[in-house]
Amino acid sequence: MRAAVIDLGTNTFNLLIADKQNNTFYEIYRDKRSVKIGKNGIAHGEIASDAYERAIAAIKDYAEIIKKYQTQHIKAIATSAFRSTKNGNQLAKEIEQIVNAKVEIIDGDKEAEFIYYGIKTAVPLTEHNVLMLDIGGGSNELIIGNKHKIEWKESYPLGISRLIDIFKPNDPLTPNNINEISEYIKTNIQSLKDALNLYPVHTLVGSSGSFDLIANMLHFREKQKPLDPMRTFNQLNVMQTIRLLDTLIISSFEQRKDMPGMDMTRIEMIPVAALFIRIVLEFFKCKQILHSVYAIKEGVWIKSFL
């Protein structure tokens, strides 16, 4: 059985085509498109017209790819930008017509659940709880769980596109930008502190675009080459990760573009993403950081087709 998952994120659209083999999935094709549908509109509850056009163009390409690979089943899920904008539902309906499949606009709770299953498949979790963090464009999901179950989860409408749209920070971030955004984040994630008191952790597992970029940059610093594409997770040095986050937070565009491993589609957003991660790390004593290659789309595939 061959099936495709289309993950319609706020910053990135993702496509995963895989075959079901021996109760697991065998990847056939994956792709990501930087559509940035949250840019210049999400804070005001609307997908801007140019962003809308980027989304349609990407989906038309995906429809051709899905047809080329003779995919029998399609599962399309839409997240934060679709559920928080007045024209998100309209865009979802247009996408349904193009790919000939229903687009399910999921809530943050369901999004966090799918992320958990993606991470669980990629990372060898144990009985000990870990804190999982998926940074998106419209929302950020935080999950405490282990190999058996989710203990706690929350989706915060604090995605990086949304934060940039709200604060319109300078580049590089000024001290005032950093203070304002930090206070806003801390005020809005107080429930995380309560959860960590109830379910203590020592490990952070990060997934999706910002963590993909950070893991890749750290690997370039150490090995002078990108991450091994065959690995489903990577262990990151805690102190080196913190130093890189601190560097990214205060860096300028010109400085970032020359950093080995930089993804140019994320170059504008990574300082605020790094700031969010840095704040989360202040909430507990972190002894280990892992990067999960799998996230929401793999979780959706696993829960939908296995």
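Values quoted throughout were computed directly from the atomic coordinates according to the rules given, and no laboratory measurement underlies them. Since the structure is predicted, the reported quantities are computational estimates derived from the model, not experimental observations. Neighbour counts run over all protein chains shown; Cβ positions are idealised from the backbone, glycine included.
A few comments on the model shown:
- At 1.306 mPa s and 10 °C, Stokes diffusion of the stretch 122-297 via Kirkwood alpha-carbon radius, µm² per second: 97 µm²/s
- Derived scalar couplings ³J(HN,Hα) [the stretch 56-65; Karplus, 6.51 cos²θ - 1.76 cosθ + 1.60; whole Hz; x for Gly, Pro]: 5, 4, 5, 5, 4, 5, 4, 4, 5, 5
- Farthest towards the positive end of the charge dipole of the chain, among the residues Ile28, Ser139, Ser252, is the Cα of Ile28, using unit charges on the Cβ of Lys, Arg, Asp and Glu.
- Label point at Gln70 placed 7 Å out along Cα→Cβ; residues across the stretch 21-40 whose backbone nitrogen lies under 19 Å: 21-22, 26-30
- Tail beyond 14 Å, pair distance distribution of the stretch 65-132 (Cα, percent): 68 percent
- Protection proxy ranking of 225-238, 43-56, 151-164 - average other beta-carbon atoms within 10 Å, highest first: 151-164, 43-56, 225-238
- Stretch gain in nm, segment Thr24-Gln97, where the contour uses 0.36 nm per residue and the Cα spacing is subtracted: 23.3 nm
- Sorting the segments 12-21, 173-182 by their mean number of nearby beta carbons within 10 angstrom, highest to lowest, gives 12-21, 173-182.
- Within the chain, helix-based [θ] at 222 nm, where runs of 4 or more DSSP H residues each add -39,500 (n - 2.57), nearest 500: -13500 deg cm²/dmol
- The stretch 65-106-the stretch 170-249 distance, computed between alpha-carbon centres (Å): 30 Å
- Within the stretch 2-106, antiparallel bridges make up roughly 65 percent of the DSSP beta bridges whose residues both belong there.
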